[in-house]
Amino acid sequence: MAVLKDVDAFERVQLIRVVVWFAPACLFMLSLLWFFLRRQGVIPTWLFVVLLVLTPVLTALGVLAIHYGTSDASAGLVKALYSAGDIAPPRTYPRQDVLIVRGQYREAAEYFRDHLTIEPADDEARLRLADLMEKHLSDTAGAERLYLEVRGGNPDRGHEIRAANGLIDLYRKLGHRDRLLVELARFAGRYRGTPGAEAAARLLRELKAEGTPAES
């Protein structure tokens, strides 16, 4: 039941976004259209009044159509992408997502930590928590520890690559040149032949040639 409530809350947040961005513009544009048509004599006065009265209703219908339409389209796209390769889609965390949308980052982090206590093998949650700690809680040490935990466990290829990318981005941001060089060399060697490995090797050569600390 708690999960269902969290999903409903997230849906409400998404609906509020549509209302805030779409509804005022729709009301203004429709009203302007009715005034233009009346001024040009295209519609009679009685129809003009009726349309003005119905404008809020039409706007509400538009909001609902956009909300449910985009939700269904997103779900369909995700299913199509993952079913093509027979890959399970990433796990979702409705409760944490709602808190993040609200800007309650510390609370979201606590829920991720509680979740990992129960499911310590969930690398997706560990990566999500690392990203949250780095970007919103200024805890780069905690983020680094989580990325290393993912790599030191038994991750699948996708989680392993994301953890490596996380470490590379983190070390570039912090200017940790020695650690960055090690990570770039490791990535270039482990994933040789991929575009990511080629980019890592190129950056590694540039940093060695410069001989100066990396900047974010």
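Highest average first, the peptides 195-204, 20-29 ordered by how many other beta carbon atoms sit within 10 Å of their residues are 195-204, 20-29.
Taking each residue as 0.36 nm, the span from Leu32 to Arg202 lengthens on full extension beyond its C-alpha to C-alpha distance by 55.6 nm. Normalised radius of gyration (Cα atoms, divided by 2.2 N^0.38 Å) for the stretch 154-216: 1.07. Potential lengthening of the chain between Glu119 and Ala209 amounts to 28.0 nm, from the contour at 0.36 nm per residue minus the alpha-carbon distance. Take the Cβ-Cβ distance between Val101 and Ala141 as r, set R0 to 25 Å, and report the resulting FRET efficiency rounded to the nearest 0.05. After rounding, the FRET efficiency stands at 0.45. Please say if the stretch 105-216 is rounded, prolate or oblate, where rounded means a/c under 1.5 for a ≥ b ≥ c the square roots of the C-alpha gyration tensor eigenvalues, and otherwise the choice is prolate for a/b larger than b/c and oblate otherwise? Oblate. Taking all C-alpha pairs of the stretch 130-177, those more than 14 Å from each other amount to 46 percent.
All of the numbers you see were taken from the coordinates with simple rules; none came from a lab. All figures in this text were calculated on a predicted structure; none of them were measured in a lab. So basically every Cβ, Gly included, is an ideal-geometry build from the backbone, and we count neighbours across all protein chains shown.
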